[in-house]
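J.: One structure coming up, written as structure tokens, with questions to follow.
The values are calculated or read from the model by the stated rules, or taken from the named source; none is laboratory data. This structure is a prediction, so every number in the text was calculated from the model and none was measured. Ideal geometry is used to build each Cβ from the backbone, glycine not excepted, and the neighbour counts take in all protein chains shown. Accessible surface areas use protein heavy atoms only, side chains included; no ligands, DNA or RNA. Shrake-Rupley method; radii C 1.70, N 1.55, O 1.52, S 1.80 Å.
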Amino acid sequence: MNTGLYELPLVFFTVLAQSAVGAWLVFTFVLLGEKNEKSCAYIHKAMFVVLACLGLGFIASIMHLGTPARAFNSLNRVGESMMSNEIAAGAIFFALAGFYWLIAITGKMPSALGNLWRILTAFVGVVFMYVMNQVYHIASVPTWNTPLTSWAFYLTVALGGLALSYALLMPNKQRDYQLNLVPSLFALAVLFAAVVAVYQGFSLQGIHSSIQNAAALVPGYAMMTAARLCLLAITAFLLFRAKNAGLLACAVILTLAAEGIGRVLFYGLHMTYGMAIAG
């Protein structure tokens, strides 16, 4: 369990980056159909929060690496190392999103170019999420090298992205768009998250070494998972019922806290193949 706590910078980086990419996907979809100029101006102002979350995530990743120089040095192996690919894809996504926002916030972004730019940025964001997921599919770490890792990471994209975008877009009084499906999609993602968490809890018993069972790495798995799912359930209720910006902000905080708990458990499950066997 200590391993998960020692990796808090990575917890912040992965959860915030995944939530930001998920929110960008929702923003891209909404802006494709939004024609009201005042509404678009509001959306672009709200987009800054998404970029801020992404920026905080990258700051956390630099804390993990130690110095910014190490982040630049890691780019030397782009195409050979998944970690280098992750940093490169993340940097490109951040640059595209940031430059788009700088132009759009001034009102000088042509509509057609804006649509193309957002879609391209969304595509890069999806690639970023895929590469981030692949970083943890390490053959020597049987507790990570499973489809459950992919499910956990992509569900954070959905949960964090839906909660963040909904909280930012709902207070827009000029909006023509509708977000009625977002709470339902969030609830569906919570259901999938619960299934994945329960399945993983049972599967841990099948991964062990001669001296330790993988389940022993996270003795508080059941309690922390229950807490995580409770937070997500409360968030789902708020998204269905709350229209107040303050309560929606609380929903985002609860979601990030819940996914943070899940990610701490994930890093706490680190166990190398040399010390463990699956069976």
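J.: If you take the residues in the range 221-248 that are in contact (Cβ under 8 Å) with a residue 60 or more places away in the chain and surrounded by 15 or more Cβ atoms within 10 Å (Cβ to Cβ), which one is nearest to residue 137 (Cα to Cα)?
T.: Of all residues in the range 221-248, those in contact (Cβ under 8 Å) with a residue 60 or more places away in the chain come to 232, 235, 239, 243, 245, 248.
Narrowing the set further to residues that are surrounded by 15 or more Cβ atoms within 10 Å (Cβ to Cβ) leaves 232, 235, 239, 248.
Details: 232: 26, 235: 30, 239: 33, 248: 34 Å.
Here the residue is 232.
J.: Given the conditions (1) in contact with a helix residue (DSSP H, G or I) (Cβ under 7 Å, 6 or more places away or on another chain); (2) open to solvent by less than 30 Å² (accessible area, probe 1.4 Å), which single one is not true for residue 206?
T.: Condition not satisfied by residue 206: (1).
J.: Could you tell me which residue of the range 108-123 is nearest to residue 157 (Cα to Cα), considering only residues that are in contact with a Leu (Cβ under 9 Å, 6 or more places away or on another chain) and open to solvent by less than 70 Å² (accessible area, probe 1.4 Å)?
T.: Looking at residues that are in contact with a Leu (Cβ under 9 Å, 6 or more places away or on another chain) and open to solvent by less than 70 Å² (accessible area, probe 1.4 Å), I get 122.
J.: Return yes or no: is residue 147 closer than 17 Å to residue 262 by Cα and either in contact (Cβ under 8 Å) with a residue 12 or more places away in the chain or surrounded by fewer than 22 Cβ atoms within 10 Å (Cβ to Cβ) (or both)?
T.: Numbers: closer than 17 Å to residue 262 by Cα: yes; either in contact (Cβ under 8 Å) with a residue 12 or more places away in the chain or surrounded by fewer than 22 Cβ atoms within 10 Å (Cβ to Cβ) (or both): yes.
For residue 147, the condition - closer than 17 Å to residue 262 by Cα and either in contact (Cβ under 8 Å) with a residue 12 or more places away in the chain or surrounded by fewer than 22 Cβ atoms within 10 Å (Cβ to Cβ) (or both) - is met.
J.: Ok, one more. Does at least one position in the range 79-86 carry a residue that is at pLDDT 95 or above, open to solvent by 10 Å² or more (accessible area, probe 1.4 Å) and in contact with a helix residue (DSSP H, G or I) (Cβ under 6 Å, 6 or more places away or on another chain)?
T.: Scanning the range 79-86 turns up no residue that is at pLDDT 95 or above, open to solvent by 10 Å² or more (accessible area, probe 1.4 Å) and in contact with a helix residue (DSSP H, G or I) (Cβ under 6 Å, 6 or more places away or on another chain).
J.: Same structure, new question: Kindly provide the set of residues from the range 14-54 that are farther than 14 Å from residue 168 by Cβ and modelled with pLDDT of 95 or more, ordered by number.
T.: Within the range 14-54, the subset farther than 14 Å from residue 168 by Cβ is 14-18, 21, 32-33, 35-38.
Hits for the range 14-54 are 14, 15, 16, 17, 18, 21.
J.: Could you list, ordered by first residue, the pairs with Cβ atoms under 7 Å in which the first is in the range 167-185 and of a type in the set (Asp, Glu) and the second is assigned to a helix (DSSP H, G or I) and surrounded by 15 or more Cβ atoms within 10 Å (Cβ to Cβ), at least 6 apart or interchain?
T.: 176/39
J.: Go through the range 1-58 residue by residue and tally those that are part of a loop (DSSP other than H, G, I, E, B) and open to solvent by 60 Å² or more (accessible area, probe 1.4 Å).
T.: Counting residues in the range 1-58 that are part of a loop (DSSP other than H, G, I, E, B) and open to solvent by 60 Å² or more (accessible area, probe 1.4 Å) gives 1.
J.: If I filter the range 59-78 down to residues being open to solvent by less than 50 Å² (accessible area, probe 1.4 Å) and among the polar types (S, T, N, Q), which single residue comes out as modelled with the highest pLDDT?
T.: The extreme case among them is 61.
J.: Can you pull out every residue in the range 95-104 that is open to solvent by less than 70 Å² (accessible area, probe 1.4 Å) and either among the aliphatic types (A, V, I, L, M) or out of contact with any Ser or Thr (no Cβ under 8 Å at 6 or more places or on another chain) (or both)?
T.: Within the range 95-104, 95, 96, 97, 98, 101, 103, 104 meet the criteria.
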